[in-house]
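Some notes on the structure that comes next.
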Amino acid sequence: MGVAIRSLIPGEDPATGYPADARRWVTVYEELSTINSGFLDRAREQGAPIDEINRLEAEVTRVGERLRFWHARHWELVGVELDVNAGILGHNGRAVALTPREAQLFGFLLAHPNRFFATTTLPSRAWGNPNLAQEQVRTYVGRLRGRLEAAQVPCRLVSQPRQGYALVFD
């Protein structure tokens, strides 16, 4: 898989065959990405030396690459394929057509499994359009739930009061 050993965290196994392991590494690298981006922003604001900024930028890049790897690995292990442009959701040989908004919503949630997003923030995060009403979000979520069921994707689009929606893999 071409992964430099020095870039791995102890216990990280790129060859894992377990979707739950890949999902955990997505979560780990999402957290590291947030933390390192904060460090980099603070270093820039405080006028840190250029070598420190360069080191932090390199780490942000490395963590981003690992995050992309684990997203792809997780999708591979659960057998999910998504073509956002064509609006096609595939799972183990089944293909289901998605509307552009459904494809964008699924792509966003797929990139952030097990994280809840409020109906007030999903429009800007998933579609780049903060003007969508909460009722529209609920409509797209309901339709996407049906598409996921039709494709027999091993996940659920769950909701929690005051937390929002999350894509949870079985």
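Each reported figure results from applying straightforward, stated rules to the coordinates on display, with no laboratory input. For clarity, every value in this text was computed on a predicted model and none was experimentally measured. All Cβ positions, glycine included, derive from the backbone under ideal geometry; neighbour counts span all protein chains shown.
Overview of values
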| item | result |
| --- | --- |
| All positions within the range 99-136 that are over 18 Å from the mean Cα position of the chain (by Cα) and within 20 Å of C155 (Cβ to Cβ) | T99 |
| Residues being surrounded by 20 or more Cβ atoms within 10 Å (Cβ to Cβ) and among the hydroxyl-bearing types (S, T, Y) - total across the range 148-168 | 1 |
| Selection count, the range 76-108, where residues are surrounded by fewer than 19 Cβ atoms within 10 Å (Cβ to Cβ) and either of a type in the set (F, W, Y) or on the phi > 0 side of the Ramachandran plot (or both) | 5 |
| All positions within the range 17-26 that are more than 11 Å from W75 (Cα to Cα), of a type outside the set (A, V, I, L, M, F, W, C) and surrounded by 16 or more Cβ atoms within 10 Å (Cβ to Cβ) | D21, R24 |
